[in-house]
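**Student:** My questions all concern the structure below.
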Amino acid sequence: MAYRFQPQPGGSPATTIGTQSLLAQVLSITALGLCVTALAAYFFQNSVSSLVGLIAMLVGFGLLFAINAARANEPLALLLFYAFTFLEGVGIAPVIGSYVRTIGPDVVYNAAITTGLGMFALAAIVYATGLDLRRFAGYVYLALLGLVLVGIVSMFVHFIHPQTYAWITLAIFTFLVLIDFARIRAGGDGLSPVQLSVSIYLDAINIFLALLEIFGARSSRD
């Protein structure tokens, strides 16, 4: 189920870092966080139940509040971020394991590679054209909130097809990637590098899971 945490500005303004340096910091922090998630998912894919995965995700969600609260203490916020990415890896491990066992590892690799290339392409568009969709952020967050509510209801009453949900998730988080990179390009809007990394990380994870559903359904039909 897609989710997103909206960071609150505060602490040292990110504009003092410089936009190029800020981008480099955010990308390096995010890349390492995604590696932590990938390793955790790999090692726990066959040893963690769905219930344990759900608990890990909920604890990780709680850490997002802690990261936001610790925004003025960069080392602590960074430590909490990597703890969060580890728990996310444990949380999605049962999902990864299920796809590997039923369809094969190729669908996971394809979803991961497509996510990486897609994120790179969207960032390149923002930096090459100056595209700035931040003024639409409120509408996109409202759409995401509706998506989350639909996902919760659908857990009990299956009224939306998983493929449809995945495509809507992909569309919403594509817009969020464009908004987040525009925010970084503008200097961070007062957010710290760790807070910005959380946003980019969650964009990538949600896009990856959406693509995993899409590619998985396509592979199962072949």
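A short reminder: the numbers here are calculations on the coordinates, not readings from a lab. Keep in mind that this is a model prediction, so the values were computed, not measured. No Cβ is skipped: glycine too gets one built from the backbone with ideal geometry, and neighbour counts run over all protein chains shown.
**Student:** Can you give the angle from 0 to 90° between the axis of helix 74-102 and the longest principal axis of the chain, with both taken from C-alpha atoms, to the nearest 10?
**Tutor:** Orientation of helix 74-102: about 20 degrees from the principal axis.
**Student:** Sort 57, 155 by Cβ crowding within 10 Å, fewest neighbours at the top.
**Tutor:** If I rank by nearby Cβ atoms, fewest first, I get 155, 57.
**Student:** What is the distance in Å between the Cα centroid of the range 51-91 and that of the range 131-204?
**Tutor:** When both Cα centres are located, 18 Å separates them.
**Student:** Could you tell me which of rounded, prolate or oblate describes the range 8-141, using a ≥ b ≥ c as the square roots of the eigenvalues of the alpha-carbon gyration tensor, with rounded for a/c under 1.5 and, failing that, prolate when a/b is larger than b/c and oblate otherwise?
**Tutor:** Numbers: a/c = 2.14, a/b = 1.39, b/c = 1.54.
Here the range 8-141 falls in the oblate category.
**Student:** Shifting gears a bit: Mind sorting 22, 170 by how few other Cβ atoms lie within 10 Å of their own Cβ, fewest first?
**Tutor:** Listed from fewest to most nearby Cβ atoms, that is 170, 22.
**Student:** Within the range 103-200, list the chymotrypsin sites (Phe, Trp or Tyr not before Pro) lying in a DSSP loop whose Cβ has at most 10 other Cβ atoms in a 10 Å radius.
**Tutor:** Details: sites: 109, 120, 127, 136, 139, 141, 156, 159, 165, 167, 173, 175, 181; in loops: 156, 159.
Hits after loop and neighbour filter: 156, 159.
**Student:** Which one of 30, 164, 102 has the biggest mean-square fluctuation once the chain is modelled by GNM with Cα springs under 10 Å?
**Tutor:** 102
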